Amino acid sequence: MKLKKKTVMLATFTVGTLLLATTALADIASKSGYDELKDALKVTAQQSSETFDSFTLDYSLALKDNGKTLTSNNETSKFDRLKGASEGSSSGVSLMGEKYSSQTYSDKMTMIRVSDGDPTYYVTEFTKEREDRSFTNPFKEDRADDLEKIADAIVGSLKDHVIVTENPDGSKGLAGSLSELQIPSLVNAVASFQLKQEFNGIQTQMPHLTKDVFVKEVKGTAKVNKEGVMESILGSAVLSGKDEQGTAHDISIEVLVTMKDINSTTVTKPDLTGKKVVRNIAQYYSKSEISNPEKFVGKFKNDILIEKDGKFVKVGQRFIDITHMENKLVEGRYYEEYKPGFEEYATSTRDIEFSAQFEKDQRGNANFEYTTESGGKGQGNLYIDDFHGKVNFNLNNRNQSPRGGMMFDSNFTPDLD
Amino acid sequence: MAVFQAALINEIEKLYKKKKVLVAVLLSLAVIVIGQLAIVGVRSGLGLRGAGSLEFPMLVLSVFVNTVLPLFTALVAIDSFSGEFTQHTMRITLTRPVSRFKIFCAKITAIMLFILGALLLLLVFSVLAGLIFNTNSATLDSFSRTIFSYIVSLFPMLVLALGIVLLANIFKSGITVFFVSIIIFLTFKVLGLIFSQYSSILLTTQLDWYNLFLVNSFPFAKIVRQFLIMLGSGMMLFTTGFYLYDKKEF
């Protein structure tokens with residue numbers, strides 16, 4: 001009897017262990033629909049940024065209030081990875097009810113833009129080949145792994161809501177839907193609060209939901225072809241609530257993205273013959289040195305003002321005369337000239353010579369020391385603003401403490417007269 | 001069978017006489033009241049609906065199975081074993097002409113009945129509160145899913161109880177068992193967050209397995225797998241627990 005009890009116990013324990021081990025392994029090995037969805041997204045991003053020569057992406061979005069369209073947007077983007085070129089067109093209706101449409105084209109050397117409202121082609125030409133940034137893989141970003149883990153944790157028990165159907169040709173269909181009962185209350189509350197704030201922050205055209213706001217439903221379907229690339233994904237969500245007057249609103253948002261013409265998309269540059277074209281050369285403002293610095297050699301000026309009898313009166317002018325400028329160095333003279341009758345405003349620092357070195361990696365920024373006519377020493381700062389074509393010039397913060405009610409402006413504009 | 005019945009009635013009587021059960025009932029009702037107040041606050045303060053009449057019981061369940069219920073299951077299980085070991089009342093129980101196996105089973109069944117009772121009580125009150133205080137969103141389908149969710153929550157909770165019983169037979173002091181259980185519980189929770197792809201084999205994740213019954217498509221394979229994992233771990237915990245209990249000298 002004793003032996004029998006032990007045997008039964010041992011057997012039960014073994015069966016339990018086996019049961020646990022095998023199902024646990026099976027459970028880990030089995031892919032949930034959510035995992036399939038993630039894999040498809042990864043494969044698609046990887047293939048389109050590294051393997052496909054060209055493809056077309058269609059993106060459309062519609063926002064509806066009780067079935068009435070509030071705003072819609074359609075975008076078609078064509079990518080040619082070999083040429084590093086892309087072409088895009090976008091059209092839709094804005095929240096204000098205005099229709100719009102525009103086209104863009106971009107390759108390594110040019111960027112062209114045109115819109116319906118203004119038939120002028122704006123062409124930006126680049127002097128150097130640009131890096132190809134037509135399509136980058138978002139899963140290769142630094143934080144992608146961490147974000148994926150966070151997303152997994154948030155999705156948690158909702159993973160099993162994605163259903164996979166396999167078609168005989170090897171393609172797959174993914175579908176999922178969540179009703180209000182299935183969305184965890186906390187997630188629902190946070191999401192609806194966020195959406196409510198977002199909608200109420202913008203235009204009056206949006207219904208302002210104030211009461212009983214909740215996410216009613218979230219749905220999605222996706223098609224994955226036999227190579228594992230996602231060909232289309234359709235998502236929709238319904239936010240329900242009441243406005244101030246107590247009218248019920250169901251605001252729905254639908255997004256459809258399709259990928260097509262893989263390796264058979266052609267990107268064509270728009271034909272500009274006979275069109276109104278505005279050309280400009282791209283400036284590389286992000287570089288640390290100013291391109292062709294010689295253009296800054298010359299005089300810059302601004303007015304010295306005082307306030308008298310409730311009006312501004314010009315008492316004189318300040319000048320900067322840049323005599324020499326190169327990538328590292330700027331030299332010149334600063335002086336003030338007063339109009340007849342206002343000579344009493346002139347002070348001892350009114351005429352100085354300066355020679356300033358540009359600070360390393362600080363575009364257009366230079367500090368200098370100076371000696372006045374009377375032998376006093378001081379420090380100053382100069383900033384060449386080639387974006388606006390101006391020079392910013394300061395002496396010992398003198399601009400902040402006006403002498404005798406004089407107003408100094410530290411911005412100098414070119415004296416081109 | 002009559003012997004087992006007598007032992008079970010004995011165990012239930014002991015459980016029933018303890019203040020802990022009353023505290024558990026009061027706390028369960030407190031969860032409902034606090035939850036309902038929070039919903040009302042969210043609704044008037046932020047303009048959100050918070051929860052509809054049937055989302056409310058689900059909200060209560062999601063909080064309850066992860067906090068109050070495991071805590072009181074642990075207390076009841078510890079009381080039933082460690083409590084009797086330290087108070088030496090176990091000897092009195094064992095002097096009866098009942099085999100140790102039957103006593104062990106009776107104790108487990110009593111704990112199971114406690115869990116079931118707590119779940120049913122919570123179900124009734126949260127559904128009532130949900131219907132009275134919240135905008136109606138109930139359909140027959142969602143109502144039956146709600147009831148089902150409450151009932152299936154019994155299984156993972158029973159496995160949890162078996163785990164605690166095992167611990168109670170390893171450690172002598174009830175307080176040690178209590179703290180070790182809490183530490184293991186929290187560790188599992190954290191592990192489930194970090195290794196979310198393996199989380200389905202952890203007991204703490206299975207506490208939320210009622211969510212599977214809410215899925216529209218009814219993921220049968222997944223439910224079976226989860227059930228078998230719970231069954232397997234339950235069998236292991238039960239036999240090990242009983243083995244230790246059987247060997248114990250009083």
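The values are calculated or read from the model by the stated rules, or taken from the named source; none is laboratory data. Here the structure is a predicted model, which means the values were calculated and not measured. FYI the Cβ positions are ideal-geometry reconstructions off the backbone, even for glycines, and counts take in every protein chain you see. Ligands, DNA and RNA are stripped out before the accessible areas are found, and what is left, the full protein with its side chains, is counted by its heavy atoms. Shrake-Rupley method; radii C 1.70, N 1.55, O 1.52, S 1.80 Å.
Quick check on residue B:61: is it under 30 Å from residue A:210 (Cβ atoms) and in contact (Cβ under 8 Å) with a residue 12 or more places away in the chain?
Details: under 30 Å from residue A:210 (Cβ atoms): yes; in contact (Cβ under 8 Å) with a residue 12 or more places away in the chain: yes.
Criteria met by residue B:61.
Residues of segment B:133-150 being charged (D, E, K, R) and either open to solvent by 80 Å² or more (accessible area, probe 1.4 Å) or farther than 16 Å from residue A:179 by Cβ (or both), which ones? It would help to see each step written out before you state the result.
Taking segment B:133-150 first, the residues charged (D, E, K, R) are B:141, B:145.
Of everything in segment B:133-150, just one residue is charged (D, E, K, R) and either open to solvent by 80 Å² or more (accessible area, probe 1.4 Å) or farther than 16 Å from residue A:179 by Cβ (or both), namely B:141.
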Task: Filtered residue count, segment A:370-407, keeping only those that are among the hydrophobic types (A, V, I, L, M, F, W, C), open to solvent by less than 40 Å² (accessible area, probe 1.4 Å) and at pLDDT below 80 - done: 2
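Go through A:273, A:247, A:258, A:265 for me and flag whichever is modelled with pLDDT under 85, among the β-branched types (Val, Ile, Thr) and surrounded by 16 or more Cβ atoms within 10 Å (Cβ to Cβ).
Just one listed residue meets the conditions, A:265.
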Open item on the list: Tell me which strands (runs of 3 or more DSSP E) are completely within segment A:299-359 and hold 3 or more residues being out of contact with any helix residue (DSSP H, G or I) (no Cβ under 7 Å at 6 or more places or on another chain) and among the hydrophobic types (A, V, I, L, M, F, W, C), or say none if there are none.
Closed with: A:311-325, A:351-358
Task: Pick from segment A:51-69, criterion more than 30 Å from residue A:267 (Cα to Cα) and not in a strand (DSSP E or B), ranking: most open to solvent (accessible area, probe 1.4 Å) - done: A:66
Task: Scope segment A:80-93; condition more than 19 Å from the chain's Cα centre (by Cα) and open to solvent by 30 Å² or more (accessible area, probe 1.4 Å); matching residues - done: A:81, A:82, A:83, A:91, A:93
Open item on the list: Of everything in segment A:227-243, what is open to solvent by 30 Å² or more (accessible area, probe 1.4 Å), closer than 30 Å to residue A:166 by Cβ and modelled with pLDDT under 85? Give them in sequence order.
Closed with: A:227
TODO: List every residue pair whose Cβ atoms lie under 9 Å apart, where the two residues are 6 or more positions apart in sequence or sit on different chains, the first residue falls within segment A:23-38 and is part of a helix (DSSP H, G or I), and the second residue, located anywhere, is of a type in the set (Asp, Glu) and buried (at least 18 other Cβ atoms within 10 Å of the Cβ).
DONE: A:33/A:160; A:34/A:152; A:34/A:160; A:38/A:152
TODO: From (1) surrounded by 11 or more Cβ atoms within 10 Å (Cβ to Cβ); (2) on the phi > 0 side of the Ramachandran plot, pick out the condition that doesn't hold for residue A:309.
DONE: (1)
- [ ] Scan segment A:352-372 residue by residue and report those that are more than 41 Å from the chain's Cα centre (by Cα) and among the hydroxyl-bearing types (Ser, Thr, Tyr).
- [x] A:370, A:371, A:372
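Kindly provide the set of residues from segment A:134-157 that are open to solvent by less than 50 Å² (accessible area, probe 1.4 Å) and either in a helix (DSSP H, G or I) or of a type in the set (A, V, I, L, M) (or both), ordered by number.
A:144, A:148, A:151, A:152, A:153, A:155, A:156, A:157
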- [ ] Kindly provide the set of residues from segment A:192-209 that are over 13 Å from residue A:251 (Cβ atoms) and either in a helix (DSSP H, G or I) or modelled with pLDDT of 75 or more (or both), ordered by number.
- [x] A:193, A:194, A:197, A:201
TODO: Output the number of residues of segment A:38-64 satisfying the condition of being among the aromatic types (Phe, Trp, Tyr) and modelled with pLDDT of 85 or more.
DONE: 2
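Would you say residue A:169 is over 30 Å from the mean Cα position of the chain (by Cα), away from every other protein chain (no Cβ under 14 Å) and either of a type outside the set (A, V, I, L, M, F, W, C) or within 26 Å of residue B:210 (Cβ to Cβ) (or both)?
Working: over 30 Å from the mean Cα position of the chain (by Cα): yes; away from every other protein chain (no Cβ under 14 Å): yes; either of a type outside the set (A, V, I, L, M, F, W, C) or within 26 Å of residue B:210 (Cβ to Cβ) (or both): yes.
For residue A:169, the condition - over 30 Å from the mean Cα position of the chain (by Cα), away from every other protein chain (no Cβ under 14 Å) and either of a type outside the set (A, V, I, L, M, F, W, C) or within 26 Å of residue B:210 (Cβ to Cβ) (or both) - is met.
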Open item on the list: So for segment A:349-369 (the condition being farther than 30 Å from residue A:282 by Cβ and exposed (fewer than 11 other Cβ atoms within 10 Å of the Cβ)), does at least one residue qualify?
Closed with: no
Open item on the list: Just the residues that are out of contact with any Leu (no Cβ under 7 Å at 6 or more places or on another chain) and among the hydroxyl-bearing types (Ser, Thr, Tyr), please, taken from segment A:12-40.
Closed with: A:12, A:14, A:17, A:22, A:30, A:32, A:34
- [ ] Scan segment A:226-240 and give yes if some residue there is over 29 Å from the mean Cα position of the chain (by Cα) and part of a strand (DSSP E or B), otherwise no.
- [x] yes
Open item on the list: Give all pairs with beta carbons closer than 9 Å in which a residue from segment B:4-21 that is within 15 Å of residue B:105 (Cβ to Cβ) meets a residue that is open to solvent by 60 Å² or more (accessible area, probe 1.4 Å) and not in a helix (DSSP H, G or I); count only pairs at least 6 apart in sequence or on separate chains.
Closed with: B:6/B:96; B:7/B:96; B:10/B:96
Task: Candidate set: segment A:172-203, residues that are loosely packed, with under 15 Cβ neighbours inside 10 Å and hydrophobic (A, V, I, L, M, F, W, C); chosen: the one farthest from the other protein chains (Cβ to nearest Cβ) - done: A:202
Open item on the list: Checking residue A:127 against (1) surrounded by fewer than 14 Cβ atoms within 10 Å (Cβ to Cβ); (2) hydroxyl-bearing (Ser, Thr, Tyr); (3) in contact (Cβ under 8 Å) with a residue 40 or more places away in the chain; (4) within 30 Å of residue B:214 (Cβ to Cβ), only one condition comes out false. Which one?
Closed with: (4)
TODO: Output the residue which, of all residues in segment A:13-35 that are buried (at least 17 other Cβ atoms within 10 Å of the Cβ) and farther than 15 Å from residue A:148 by Cβ, is farthest from the other protein chains (Cβ to nearest Cβ).
DONE: A:33
